[in-house]
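Visitor: The following block contains the structure, expressed as structure tokens.
The values are calculated or read from the model by the stated rules, or taken from the named source; none is laboratory data. All values reported here derive from a predicted model rather than from experimental measurement. Positions of Cβ are generated from backbone atoms using ideal geometry, with glycine treated the same way; all protein chains shown enter the neighbour counts.
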Amino acid sequence: MPRLAPTLDRIREAGAAKRDPSITHQLRCGVADLEASGILDGVVKAGDPAPLFARPNLNHETVRLARVLRDGPAVLSFFRGRW
């Protein structure tokens, strides 16, 4: 099974090859600025316990992680949606 990081690197490289280099430069500078700000220090890393949270599902019902965990382990998937 391929690892995610090399796959994401290939996707980034393919995107960079298709766009104006000045835009790629701006994107990379923005990422570097965010990393330098320390914002990633508060990001949950792979293997860290998830914070207990409550969020609405697609049916507008509140789902609480604590309640889901009573039934056993849970897999969380995060996506940014449509911007």
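Visitor: Could you say whether any residue in segment 4-16 is part of a helix (DSSP H, G or I) and among the hydroxyl-bearing types (S, T, Y)?
Guide: Within segment 4-16, one or more residues are part of a helix (DSSP H, G or I) and among the hydroxyl-bearing types (S, T, Y).
Visitor: Scan segment 25-83 for residues that are among the basic types (K, R), more than 30 Å from G15 (Cβ to Cβ) and assigned to a loop (DSSP other than H, G, I, E, B) and jot them down.
Guide: Hit for segment 25-83 is R70, nothing else.
Visitor: Are any of the residues in segment 35-48 farther than 25 Å from S77 by Cβ, surrounded by 10 or more Cβ atoms within 10 Å (Cβ to Cβ) and charged (D, E, K, R)?
Guide: no
Visitor: Which residue, of R80, R70, R12, is among the basic types (K, R), surrounded by fewer than 10 Cβ atoms within 10 Å (Cβ to Cβ) and at pLDDT below 95?
Guide: Selected residue: R80, the only one of R80, R70, R12 that is among the basic types (K, R), surrounded by fewer than 10 Cβ atoms within 10 Å (Cβ to Cβ) and at pLDDT below 95.
Visitor: If I filter segment 49-67 down to residues being out of contact with any helix residue (DSSP H, G or I) (no Cβ under 9 Å at 6 or more places or on another chain) and aliphatic (A, V, I, L, M), which single residue comes out as surrounded by the fewest Cβ atoms within 10 Å (Cβ to Cβ)?
Guide: L58
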